[in-house]
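Peer 1: Below is the structure I would like to discuss, written out as structure tokens.
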There are 2 protein chains.
Amino acid sequence: MTVTPYEVEGEVDYAKTVKEFGAQFIDDKITKMFPHPLIKKKYFYAHRNFDRILEDNQKGKKFSIVSGRGVSENMHLGHLICYKFIADMQKEFGCHVFIPFSDDEKFLYKQNLAFEEVQKFDYENALDIIALGFDMKNTELIFDTLNMPQGLYNLAIKSAKHITTSTVKCALGFDDSKNIGSNFYPAMQTAHILYPTVKYGYPVVVPVGLDQDVLIKLSRDVAEKMKLRKPADIISRFVRGLSGNPKMSASDPQNTLYTTDTEEQIKKKLSNAFTGGAPTVAEQKEKGGNPDVCSAYEYLGLFFYDDPSELHEKCKSGRVTCGECKKELAEKMCKFLKAHQAQREKARKTLDKLLQK
Amino acid sequence: MTVTPYEVEGEVDYAKTVKEFGAQFIDDKITKMFPHPLIKKKYFYAHRNFDRILEDNQKGKKFSIVSGRGVSENMHLGHLICYKFIADMQKEFGCHVFIPFSDDEKFLYKQNLAFEEVQKFDYENALDIIALGFDMKNTELIFDTLNMPQGLYNLAIKSAKHITTSTVKCALGFDDSKNIGSNFYPAMQTAHILYPTVKYGYPVVVPVGLDQDVLIKLSRDVAEKMKLRKPADIISRFVRGLSGNPKMSASDPQNTLYTTDTEEQIKKKLSNAFTGGAPTVAEQKEKGGNPDVCSAYEYLGLFFYDDPSELHEKCKSGRVTCGECKKELAEKMCKFLKAHQAQREKARKTLDKLLQK
């Protein structure tokens, strides 16, 4: 098992990593304060100081959610579910949302990715995010190479003074052959995370995939050195890829369902998706399937069932076949993404205004 | 002898360094095209491709001078003479001048320097520069932490992609204990240098002290990789400090004459200045002095004589005493800096408008 910001390999032992990374499991206290389906389903399963954010909020203290978007491709289901969760959280708590687009990071990290290309994906990804229904009066979208505020650059410089090359090498596995922009980027990411605290005095919570957790720890260290409140985080597991691999990845098109896929593409991809079923229908009915490795169960459970436990049971006991699940999933996913794509088109006006196009 | 961007020690062998650094001496062809006193006096004595800039200019091609200002103290005579030279060059050639203030660099490099402090010196240093009579319609002042254009950040990111940590370590002697902002800064400096080429298509010439030459070489390498015209430079020797040390340094107040010093301070400092005179007046008259190590001769020659060769001869032959030189220097310097300080006060209005204060 490898889990770093740049590589996820092998089946992930989520319980083990929480202990290794020094985070906490989400407990009943948190679930009671924020009983979101993705928390109850343990998609978001661990955290650092998220309980404090919620407790303070119950006493009337505002907070901000920061969720950066690294743009190098179109968005996929794994991205969408996270921003949907954040939009729900904003509705629930009326909180500020700050979404920095780290187009600079992706340009720097990917040797063959052109500057114009990341800026194109800035626009495409922002459409997906706005489409989710954020309260745009209380939501800030910043694109590092398009409309970076001076205050953000300054905060990156202040953060950078507290991070050595040695620390970045340890945290991210870099060596001297890395370009100096990649080496600097953790300071910019820290600035993204601390920005609402510095600008508005809001405590921050960052929803992150497990692989990004090390960068949150880095930001927490810098916050402490700068005498700022440490950012909290809420850690999710990954969304499985279509082949059943542990993490859907935008740079692996065959295993990924993009938000912009056509109905035809969605149906084709889902019909080929890896399931946890038995080799034959007869065997499936007799011995049952394994929903825990199944991509069809993954998407049905995450996107379309508030409580997927009954489906889980039906699969294990052989009362549902892979064909049935795939059919249900394809119908629901097509409908869901069609509705999303319609909202996405409507978002153009908002985004063009934001970018003063 | 040590000459790096962060340390100058020992008597500097200027001829040797030109060969070592791979630059060219300024020859008669250049002096003929631009017979400025500081070139004739060999204060600016070496270059890279400056001849091409002048030749192209004779054919009608515009160019830009870039001259960054690292702000951590008030400006001193060594800074002033360089910007005066640039103002003269602008008058002569009508060229564009770009002056980036690297307040970020100084904040990052100096452990105990506060952010507010560098921004204070931004303002103070800019007054000195504007006071020199630049054509403000054709001059851009950019302060990295106050009014950085998005295009400059983007250019820094593009430059950074071409510079490895390994290169910075070799060029500047950094190690892993450096903060990642310091390590990144050469990309920002490169962006400063290439900015007028990218924004306006102007070829660039950078007047630099010998110690900064390595950073110009780095920018030239990046320009080549980005398929941009390589920046030219024109290299100066250093202005001696008051103790006769080879380089006046703003962080060494006792050896430095600041542009903001009062008449009283100027007189006091100059009366204590190191000269090349003999131990007694009698001996001086008999054996003569050594103007080549003398700070009084240095400032008289650089600031107040278009051709100091006669004074040089008079000193060597004992026809002038240190007391006489110091008296002449104090009078002239007080008058010169008083006039400068008056212009400096007038510059506030321009600067406040620029910073929209």
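Peer 1: Quick one: which residue in B:Asp135, B:Asp122, B:Asp104 is crowded, with 20+ Cβ neighbours inside 10 Å and closer than 20 Å to B:Lys353 by Cα?
Peer 2: B:Asp122
Peer 1: Filter segment A:318-351 for residues that are more than 22 Å from the chain's Cα centre (by Cα), surrounded by 15 or more Cβ atoms within 10 Å (Cβ to Cβ) and among the small types (Gly, Ala, Ser) and give the result.
Peer 2: Residues satisfying the conditions are A:Gly318, A:Ala330.
Peer 1: So is B:Leu172 closer than 30 Å to A:Thr167 by Cα, among the aliphatic types (A, V, I, L, M) and either within 22 Å of the chain's Cα centre (by Cα) or modelled with pLDDT under 95 (or both) or not?
Peer 2: yes
Peer 1: Check segment A:279-296 and report whether any residue there is within 25 Å of A:Phe44 (Cβ to Cβ), more than 24 Å from the chain's Cα centre (by Cα), modelled with pLDDT under 95 and not polar (S, T, N, Q).
Peer 2: No - not one qualifying residue is present in segment A:279-296.
Peer 1: Quick one: which of B:Leu302, B:Leu270 is under 17 Å from B:Leu38 (Cβ atoms), surrounded by 16 or more Cβ atoms within 10 Å (Cβ to Cβ) and out of contact with any strand residue (DSSP E or B) (no Cβ under 6 Å at 6 or more places or on another chain)?
Peer 2: On inspection, the qualifying residue turns out to be B:Leu302.
Peer 1: For segment B:150-161, what are the residues that are surrounded by 17 or more Cβ atoms within 10 Å (Cβ to Cβ) and within 7 Å of another protein chain (Cβ to nearest Cβ)?
Peer 2: Once the filter is applied, which keeps residues that are surrounded by 17 or more Cβ atoms within 10 Å (Cβ to Cβ) and within 7 Å of another protein chain (Cβ to nearest Cβ), segment B:150-161 yields B:Tyr153, B:Asn154, B:Ile157, B:Lys158, B:Ala160, B:Lys161.
Peer 1: Out of curiosity, is A:Val206 within 24 Å of A:Ala23 (Cα to Cα) and away from every other protein chain (no Cβ under 14 Å)?
Peer 2: Considered against the rule, which asks whether it is within 24 Å of A:Ala23 (Cα to Cα) and away from every other protein chain (no Cβ under 14 Å), A:Val206 comes out as yes.
Peer 1: I would also like to ask the following. Can we say A:Gly201 is modelled with pLDDT under 95, surrounded by fewer than 21 Cβ atoms within 10 Å (Cβ to Cβ) and over 18 Å from the mean Cα position of the chain (by Cα)?
Peer 2: no
Peer 1: Can you name the residue in segment A:172-189 that is aromatic (Phe, Trp, Tyr) and more than 7 Å from chain B (Cβ to nearest Cβ) and is also farthest from A:Leu155 (Cα to Cα) among such residues?
Peer 2: Ranking the candidates gives A:Phe174 first.
Yes/no matrix, rows are residues, columns are (1) out of contact with any His (no Cβ under 7 Å at 6 or more places or on another chain); (2) touching a residue at least 60 places away in the same chain (Cβ under 8 Å):
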site	(1), (2)
A:Asn245	yes, no
A:Tyr258	no, yes
A:Lys268	yes, no
A:Pro291	no, no
A:Glu298	yes, no
A:Glu313	yes, no
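Peer 1: Being at the interface with chain B (Cβ under 10 Å from one of its Cβ atoms), out of contact with any strand residue (DSSP E or B) (no Cβ under 9 Å at 6 or more places or on another chain) and either without any contact (Cβ under 8 Å) to a residue 60 or more places away in the chain or under 17 Å from A:Thr197 (Cβ atoms) (or both), is that true of even one residue in segment A:130-149?
Peer 2: No, every residue in segment A:130-149 fails to be at the interface with chain B (Cβ under 10 Å from one of its Cβ atoms), out of contact with any strand residue (DSSP E or B) (no Cβ under 9 Å at 6 or more places or on another chain) and either without any contact (Cβ under 8 Å) to a residue 60 or more places away in the chain or under 17 Å from A:Thr197 (Cβ atoms) (or both).
Peer 1: Another one. Restricting the search to segment A:119-129, which residues are in contact (Cβ under 8 Å) with a residue 24 or more places away in the chain and more than 10 Å from every other protein chain (Cβ to nearest Cβ)?
Peer 2: A:Phe121, A:Asp122, A:Tyr123, A:Glu124, A:Asn125, A:Ala126, A:Leu127, A:Asp128, A:Ile129
Peer 1: So for segment A:246-259 (the condition being under 16 Å from A:Lys332 (Cβ atoms) and touching a helix residue (DSSP H, G or I) at 6+ places or on another chain (Cβ under 7 Å)), does at least one residue qualify?
Peer 2: The answer is yes, given that some residue of segment A:246-259 is under 16 Å from A:Lys332 (Cβ atoms) and touching a helix residue (DSSP H, G or I) at 6+ places or on another chain (Cβ under 7 Å).
Peer 1: Which numbered condition trips up B:Thr275, out of (1) within 20 Å of B:Leu80 (Cβ to Cβ); (2) among the hydroxyl-bearing types (Ser, Thr, Tyr); (3) out of contact with any Gly (no Cβ under 6 Å at 6 or more places or on another chain)?
Peer 2: (1)
Peer 1: Quick one: what pairs do we get from segment A:198-209, first residue touching a residue at least 12 places away in the same chain (Cβ under 8 Å), second of a type in the set (Asp, Glu), C-beta under 7 Å, 6+ apart or different chains?
Peer 2: A:Pro203/A:Asp56; A:Val205/A:Asp233; A:Val206/A:Asp233; A:Val208/A:Asp233
Peer 1: Another question, if that's okay. Any idea which residue in segment A:79-109 is nearest to the other protein chains (Cβ to nearest Cβ), counting only those that are among the small types (Gly, Ala, Ser) and touching a strand residue (DSSP E or B) at 6+ places or on another chain (Cβ under 9 Å)?
Peer 2: Applying the filter and picking the extreme gives A:Ser102.
Peer 1: Restricting attention to segment B:111-118, does a residue exist that is touching a helix residue (DSSP H, G or I) at 6+ places or on another chain (Cβ under 7 Å), farther than 17 Å from A:Tyr185 by Cβ, facing another protein chain (nearest Cβ under 8 Å) and surrounded by 17 or more Cβ atoms within 10 Å (Cβ to Cβ)?
Peer 2: no
The values are calculated or read from the model by the stated rules, or taken from the named source; none is laboratory data. Because the structure is predicted, anything quoted here is derived from the model rather than measured. Methodologically, a virtual Cβ is constructed for each residue, glycine included, from the backbone with ideal geometry; neighbour enumeration extends over all protein chains shown.
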